[in-house]
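The values are calculated or read from the model by the stated rules, or taken from the named source; none is laboratory data. Being a predicted model, the structure only gives us computed values, none of them experimental. Here the Cβ positions follow ideal geometry from the backbone for every residue, glycine too, while neighbour counts run over all protein chains shown. Accessible surface areas use protein heavy atoms only, side chains included; no ligands, DNA or RNA. Shrake-Rupley method; radii C 1.70, N 1.55, O 1.52, S 1.80 Å.
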Amino acid sequence: MRDDIFDPFDKDTVTVEPITIQLQVLGARHLPKNGRSIVCPFVEVEICGADYDSGRYKTDVVADNGLNPVWVQTHFVFDVHNPTFSFLRFTVYDEDMFSDPNFLAQATFPVQLLQTGYRSVPLRNSYSEELELASLLVHVEIVNAKV
């Protein structure tokens, strides 16, 4: 970062090894609910970083199941050129009867700390307080990209 030619917004000057993240959102458990309604959850997965690393995907909506929703065939691929400056963010929403998304929970992790394998992702509320028992089940695979 101290080089004169380093520019975090230009992926050609980044000297960090790029990676590819292959991610599957498999399920969730004990999602919080707003009021008395039944939750229809979906998950938005995004990479937050420089413009060339940013990307966003979302799962399908699971109807009326906030206790243990399961997503089938939700395979997302992110090419991350600068993992040092990137974060992986999970945001869980509830789709209401008007098809509007309502925030339920979130979790954010630095990309450099991710490890390959099945992971239980503890969820937090909008104030970043941990939600007891609420979590996502994901499978992460990290591949060193060849440029």
**Study point:** Per residue value of the accessible surface for region 11-142 (all protein chains in place, 1.4 Å probe), Å²
**Key:** 56
Exercise for review: Can you check what the net charge comes to around I21, using other residues whose Cβ is under 10 Å from the Cβ of I21 (Lys, Arg +1; Asp, Glu -1)?
Suggested key: -2
Practice item. Could you work out the per residue convex hull volume over the alpha carbons of region 19-63, in cubic angstrom? Key: 106
**Study point:** Which labelled figure in (1) 57, 28, 27; (2) 44, 33, 27; (3) 65, 54, 25 is Cα extents along the principal axes in Å, once derived from the coordinates
**Key:** (1)
Check your understanding: Using a probe of 1.4 angstrom, how much of the accessible area of region 11-142 is carbon and sulfur, in percent?
Key -> 49
